[in-house]
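Colleague: Structure in structure tokens, see below.
Just so it is clear, none of the values below were taken in a lab; they were calculated from the coordinates. Every value quoted in this text rests on a predicted model; they were computed, and no experiment measured them. Quick reminder, even Gly has a Cβ in these numbers, built from the backbone with ideal geometry, and neighbours come from all protein chains shown.
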Amino acid sequence: MKRFILAGALAICGALSVVASPTDSSRIDPAFDYHSYANVDEFRTTHLDLDLRVDFKFKTIAGSVTLELKRLDPRSTQLVLDTKDIMILDVTQKSTDVLGATAKNQTIWVSRPFHLEKPDRILGSALVIDLPPSKKATESIKIDYETLETSSALQWLTEKQTSRHKPFLYTQSEPISARSWIPLQDTPQVRAPYKAKIRTDESLRAVMSAENDPKAKRNGEYHFVMPQAVPSYLIALAVGDLEFRETGPRTGVYAEKSVIKEAAKEFADTEPMIQANEKMFGPYRWTRYDILVMPPSFPEGGMENPRLSFITPTVIAGDKSLVSVIAHELAHSWAGNLVGNATWRDFWLNEGVTDYMESRIMTAVYGEQRSSMEAVLGVKSLRADLAKLKPADQVLAIDLRDRDPDDGFSYIPYEKGRLFLNYLDAKFGRERFDAFLRGYFDHFAFKSVNSEQFMAYLQENLLDRFPGIVSRAQVNTWVLGPGLPADAVLPVTNLFQPVDAARGAWLGGALAAKKVGPDWIAQQWLYFLDGMPPLGASQLAELDKAFALSKSPNAEIAHSWFKLVIANNYQPGYPRLEEYLMTIGRRKLIEPLYESLMKTPADTEVAKRVFAKARPGYHPETVKAIEAIVVPKEETSE
Ligand code: BES
Ligand code: ZN
């Protein structure tokens, strides 16, 4: 119970401000998850069994979860779980010593008293279950529950919002939304295998971050097993009118019929990507790797749900130019899913290591030129964030106490993390560094690590083994210090020079737009557009005429174009911009556009009007994020 009180006390301190200042890093406990109420020192989940019904009419998930728990303290009389926007109907405990049940080999479920604590805006409500003290090593607790319509993990799409006129439901649990559809110990410190029975409409197919059977009959009842231990944020479910197509011996694509063919073509290199990564960093340990193509409203580019990455359809450009997202989510099968962050402060251990591996996969499969351009663009995004963020938020091991971990989101854990690994790679040499990473994945397989554990392992297995190359102080500067260390090893490319030259020539009137970039790839176009100075309407018209930018099938290029449309108030571009904001829910693509619109009073009106229309089609987390941009503080309910 101690931990629960501590977390609760901190939340209260946070509300009163100053006491637990986020910059006071000296007081942070790196082993403590400030984003969970679970008393993991007393009980630890060892298995979950889900029995759920997905009801599209009432937009609820209802049923039960049975948690197998290891009891760490015989004196404990309370089990504390995380919940948010869930209705708890009943809590029962499996009992073998009531009324001679053991003798008759019967299982008896005994009701237990429970209550929900006052909800915290970010963390939700602690579910406190009273239990008798016990010398038993394990406990089984069954919770009957029903989700509310406000569940932050769930997006319910109506028939009208999908391509096939069938509804769609999906979950997005990372970072702390698993608790909004399953009451559980919602902390990445705890890992457990799970199984599930999902019932839903007969015409729909359910898939999970587990063993999926593409040949399973569509009959409204689906069974899943995830034999490997996974953290709660990797439990995922989607239900829709899904078809399956194989792309290799252990890879395939699930999607609605309208996109399945294009998707299978776009993602045809998944098997070569797996093989490239296995060669560098050890075996793929999750049997199959499938891709689920999400509805356009999916808030992320991708989500690394084990065995089944959830991927935005905006990655399908027709020319494989954006498949680094696949390399990224695949790399999480090692960094994150196999060896994962222990708390959200350690998020860079998931994303930075993954970004580094993503680059390595892209180099192996598509060559150095393409991956170096992607890496240079990444550093550009990092520099923009460094210019905006306060020093305390520029560190890799970020202090997120009293904050929603989603609000601490930036390119720092991704790109600075990637550069840290690039630096170690350059200093120690490829062979030693790859061996180190392989050893790290083996050593911590199916466990979680925090930043301090990572640094200790790094010291023992790299710094001390090859002394005099990198000091502990240098590592500390990378992980705990702000900014970019002076000796960072930055990616370079000579493929942006011709782009700079062409942009200069076009701006100076020496080159017609239609003569620009006949052989450029998407990354060069992004660099071309992102580097534009203020432009006039006739210049924008010339660009759009030459390259049909406002109709670009490449969602990233279209995004860069719309940034120019807004920055230069190019009115002919607004109707397509509006369509884009109405159809796409990927936060990375739409948040910057809303932010940019908010810079002038006239465009503020556009932002508000479009958001009001688009809102019902966005995921709840996207709504929250856009609301924070578009609705002035005093208008929000808090
Ligand atoms: N795990 C993240 C997505 C995520 C992060 C969800 C934080 C919720 C909270 C995923 O692996 C990711 O990083 N996606 C990126 C894609 C990428 C290629 C950098 C995205 O969605 O843009
Ligand atoms: Zn990621």
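Colleague: Given contacts defined as C-alpha pairs under 8 Å and at least six residues apart, what's the relative contact order of the chain, whole-number percent?
Modeller: After rounding, I find 11 percent.
Colleague: Would you mind checking the pairs Lys217/Lys265; Lys390/Lys427; Lys545/Lys633 and listing those with alpha carbons more than 31 angstrom apart?
Modeller: Details: Lys217/Lys265 25 Å; Lys390/Lys427 29 Å; Lys545/Lys633 40 Å.
In this structure, Lys545/Lys633 lie more than 31 Å apart at Cα.
Colleague: With the radius of gyration and the Kirkwood radius both derived from the Cα set of the chain, what is their ratio Rg to Rh? It would help to have the intermediate numbers written out before the result.
Modeller: On the way: Rg = 25.1 Å, Rh = 26.0 Å.
Rg/Rh for the chain comes to 0.97.
Colleague: To the nearest 20 debye, what charge dipole does the chain have about its Cα centre, counting +1 at the Cβ of each Lys and Arg and -1 at the Cβ of each Asp and Glu?
Modeller: With only Lys, Arg, Asp and Glu charged at Cβ, the dipole is about 680 debye.
Colleague: I've got another one for you. FRET efficiency for His165 and Gln497, Cβ-Cβ distance as r, R0 = 35 Å, nearest 0.05?
Modeller: Working: r = 50 Å, r/R0 = 1.41.
Computed FRET efficiency for His165 and Gln497 comes out at 0.10.
Colleague: Relative to the longest principal Cα axis of the chain, at what angle does helix 574-583 sit, 0 to 90 degrees, rounded to 10?
Modeller: The two axes meet at around 20 degrees.
Colleague: Can you pull out the trypsin sites (Lys or Arg not before Pro) in the range 550-638 whose DSSP state is coil and whose Cβ has at most 15 other Cβ atoms within 10 Å?
Modeller: Here the sparse-neighbourhood loop sites are Lys599.
Colleague: Any idea how far apart Met582 and Ala229 come out in nm if each label point goes 7 Å out from Cα toward Cβ?
Modeller: Here the modelled spin labels are 5.0 nm apart.
Colleague: Follow-up. Any idea which of Val54, Met303, Val630 is furthest toward the positive side of the dipole for the chain, if Lys and Arg beta-carbons carry +1 and Asp and Glu beta-carbons -1?
Modeller: Value computed over the given set: Val54.
Colleague: Grab the beta carbon distance between Glu431 and Arg27, set R0 = 35 Å, and tell me the FRET efficiency rounded to 0.05.
Modeller: Computed FRET efficiency for Glu431 and Arg27: 0.30.
Colleague: Then there's this: Specify the angular offset, from 0 to 90 degrees and rounded to the nearest 10, of the alpha carbon long axis of helix 601-614 from the longest principal axis of the alpha carbons in the chain.
Modeller: The angle comes out near 50 degrees.
Colleague: I would also like to ask the following. If you take the Cα atoms of the range 384-513, find Rg, then find the Kirkwood Rh from the mean of 1/r over all pairs, what is Rg/Rh?
Modeller: 1.10
Colleague: For Gln275 paired with His47, estimate the spin-label separation in nm (one decimal), with each label point 7 Å from Cα along the Cα-to-Cβ line.
Modeller: In this crude spin-label approximation the distance works out to 3.8 nm.
Colleague: Can you list the trypsin sites (Lys or Arg not before Pro) in the range 24-63 that are in a DSSP coil and have 13 or fewer other beta carbons within 10 angstrom?
Modeller: Those satisfying the criteria are Lys57.
Colleague: If I model a spin label as a point 7 Å beyond the Cα along the Cα-Cβ vector, how far apart are those points for Lys57 and Arg438 in nm?
Modeller: Distance between label points: 5.7 nm.
Colleague: Using 0.36 nm times the number of residues separating Ala612 and Ala541, minus their current alpha carbon distance, what extension gain do you get?
Modeller: Result for the pair: 22.7 nm of gain on full extension.
Colleague: Just to compare against my own numbers: the Cα pair-distance distribution for the range 242-390, 10 Å bins, whole % per bin, please.
Modeller: Each 10 Å bin holds this share of Cα pairs: 11, 41, 36, 11, 1.
Colleague: Would you work out which of Val315, Gly504, Leu593 lies farthest towards the positive end of the dipole of the chain, given +1 charges on the beta-carbon of Lys and Arg and -1 on that of Asp and Glu, about the Cα centre?
Modeller: Val315
Colleague: When we measure straight from the Cα of Lys118, which lysines land under 18 angstrom away, once same-chain ones fewer than 8 places off are left out?
Modeller: Lys2, Lys84
Colleague: Note the angle between two axes, namely the Cα long axis of helix 555-567 and the longest principal axis of the Cα atoms of the chain, as a number of degrees from 0 to 90, rounded to the nearest 10.
Modeller: Computed tilt is about 70 degrees.
Colleague: How fast does the range 100-252 diffuse by Stokes-Einstein, in µm²/s, taking the Kirkwood radius from C-alpha pairs at 10 °C and 1.306 mPa s? Let's see the in-between values first.
Modeller: Details: Rh = 18.2 Å.
Taking Rh from Cα pairs, D becomes 87 µm²/s.
Colleague: So how much slack lies between Thr287 and Asn461, counting 0.36 nm per residue of separation and subtracting their Cα-Cα distance, in nm?
Modeller: Taking 0.36 nm per residue and subtracting the Cα distance, the gain is 59.7 nm.
Colleague: Still on this model: For the pair Lys551 and Asp603, what calculated FRET efficiency results from E = 1/(1 + (r/R0)^6), where r is the Cβ-Cβ distance and R0 = 22 Å, to the nearest 0.05? Numbers along the way, then the final one.
Modeller: Working: r = 22 Å, r/R0 = 0.99.
E(calc), rounded to 0.05, equals 0.50.
Colleague: As an exercise, identify the chymotrypsin sites (Phe, Trp or Tyr not before Pro) in the range 356-453 lying in DSSP coil whose Cβ has no more than 10 other Cβ atoms within 10 Å.
Modeller: Answer in residue order: no site qualifies.
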